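Heads up, the thing below is written out as structure tokens.
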Amino acid sequence: MDIRDYNRDAWDRQVARGNRWTVPVGTEVIERARRGEWSIVLTPTKPVPRAWFPKLDGARTLCLASGGGQQGPILAAAGARVTVFDNSPAQLAQDRLVAERDGLELATVEGDMRELSAFAARSFDLVVHPCSNAFVPDVLPVWREVARVLAPGGVLLAGFVNPAYYVFDESAAERGELVVRHPLPYSDATRLDDAERAALVAADEPFVFSHSLEELLGGQLEAGLALTHLFEDAKSDALSKFLPLYLATRAVRV
């Protein structure tokens, strides 16, 4: 199985299913953003602090693996010069829908988040990368490409999954039990049995992969990014009752 092709098709089908990360924001959200009343999330629930952002007016902004008609249109309405880059054509179509509906200037580019050759070095002042690198098996190329396309002093805002999430049996957590099942690194492609994997495919679920904290945090540092801020987040699922499952970071290109 080609993971990129499979996940692209799976996310296209998630758009048809109405997955929450594929539902475009409404016109009222865009109008508020134009008035300066805006926020975005990188993780399930916690808004990114406004102090983490550079000045948005005219900021060259890459919304990386961020299709779905949410972060990109909001930032464009707030004054940024936005390009949305995503592996899913249907997700990118949601961003174009909002742009056309609400009169926003916004570009969309299809591609793999690990390979940003469509963009020259130092092309962006801000990269916004929501919790999406779990859909690629290797995250270090993502950080290297982000560092290449960011201008010196540019900002990366990134969300990702706590690798501890993948250790546990999710069905047991739904029963209120913590059962350690999977060794890390985790991969839907290799750690599930045939029946479980077939069920994911039948449900049009994209395959996910764990990344270590060394890769998620240390990888940014090795790529030439300096971490400045971090927060944790959770959502209303069974495992979140036990530990925060999501992280967001702010880093600056040195």
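The values are calculated or read from the model by the stated rules, or taken from the named source; none is laboratory data. For clarity, every value in this text was computed on a predicted model and none was experimentally measured. So basically every Cβ, Gly included, is an ideal-geometry build from the backbone, and we count neighbours across all protein chains shown.
Side notes on the structure shown:
- Test for residue 86: is it closer than 16 Å to residue 251 by Cα and of a type in the set (Asp, Glu): no
- Residue 43 vs. criteria touching a residue at least 12 places away in the same chain (Cβ under 8 Å), among the polar types (S, T, N, Q), out of contact with any Ser or Thr (no Cβ under 9 Å at 6 or more places or on another chain) and more than 30 Å from residue 187 (Cα to Cα): no
- Residue in segment 83-103 that is of a type outside the set (D, E, K, R), over 24 Å from residue 207 (Cβ atoms) and not in a helix (DSSP H, G or I) present: yes
To keep it simple, each residue is scored yes or no on (1) closer than 13 Å to residue 250 by Cα; (2) out of contact with any helix residue (DSSP H, G or I) (no Cβ under 8 Å at 6 or more places or on another chain); (3) in a strand (DSSP E or B); (4) at pLDDT 95 or above.
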residue	(1), (2), (3), (4)
195	no, yes, no, no
198	no, yes, no, no
211	no, no, no, yes
217	yes, yes, no, yes
221	yes, yes, no, yes
229	yes, no, yes, yes
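For (1) in contact with a strand residue (DSSP E or B) (Cβ under 9 Å, 6 or more places away or on another chain); (2) buried (at least 24 other Cβ atoms within 10 Å of the Cβ); (3) at pLDDT below 95, each residue gets a yes or a no:
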{"position": "70", "(1), (2), (3)": "yes, yes, no"}
{"position": "82", "(1), (2), (3)": "yes, yes, no"}
{"position": "89", "(1), (2), (3)": "yes, no, no"}
{"position": "101", "(1), (2), (3)": "no, no, no"}
{"position": "129", "(1), (2), (3)": "yes, yes, no"}
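- Scanning segment 25-55 for residues that are within 15 Å of the chain's Cα centre (by Cα), in a loop (DSSP other than H, G, I, E, B) and within 17 Å of residue 126 (Cβ to Cβ) turns up 40, 42, 48.
- Residue within segment 212-222 that is touching a residue at least 24 places away in the same chain (Cβ under 8 Å), acidic (Asp, Glu) and surrounded by fewer than 17 Cβ atoms within 10 Å (Cβ to Cβ) present: yes
- Test for residue 188: is it touching a helix residue (DSSP H, G or I) at 6+ places or on another chain (Cβ under 7 Å), over 30 Å from residue 53 (Cα atoms) and not hydrophobic (A, V, I, L, M, F, W, C): yes
- Per-region count, segment 107-134, residues more than 18 Å from residue 157 (Cβ to Cβ) and among the hydrophobic types (A, V, I, L, M, F, W, C): 5
- Search result, residues across segment 173-193 that are assigned to a loop (DSSP other than H, G, I, E, B), free of Cβ contacts under 8 Å to residues at least 24 places away in the same chain and not charged (D, E, K, R): 179, 182, 183, 192
- Residue list for segment 113-144, filter: out of contact with any Pro (no Cβ under 9 Å at 6 or more places or on another chain), not in a helix (DSSP H, G or I) and not β-branched (Val, Ile, Thr): 116, 117, 118, 119, 120, 121, 123, 124, 129, 130, 132, 138
- Pairs where the first residue, in segment 109-135, is on the phi > 0 side of the Ramachandran plot and the second is of a type in the set (D, E, K, R) and surrounded by fewer than 24 Cβ atoms within 10 Å (Cβ to Cβ), C-beta under 9 Å, 6+ apart: 122/148; 122/253
- For segment 154-161, the count of residues that are closer than 19 Å to residue 53 by Cα, modelled with pLDDT of 95 or more, assigned to a helix (DSSP H, G or I) and in contact with a helix residue (DSSP H, G or I) (Cβ under 8 Å, 6 or more places away or on another chain) is zero.
- The single residue among 58, 79, 67, 72 that is under 23 Å from residue 19 (Cβ atoms) and in a loop (DSSP other than H, G, I, E, B) turns out to be 67.
- Taking the listed residues 71, 94, the one that is under 15 Å from the mean Cα position of the chain (by Cα) and of a type outside the set (A, V, I, L, M) is 71, with no other qualifying.
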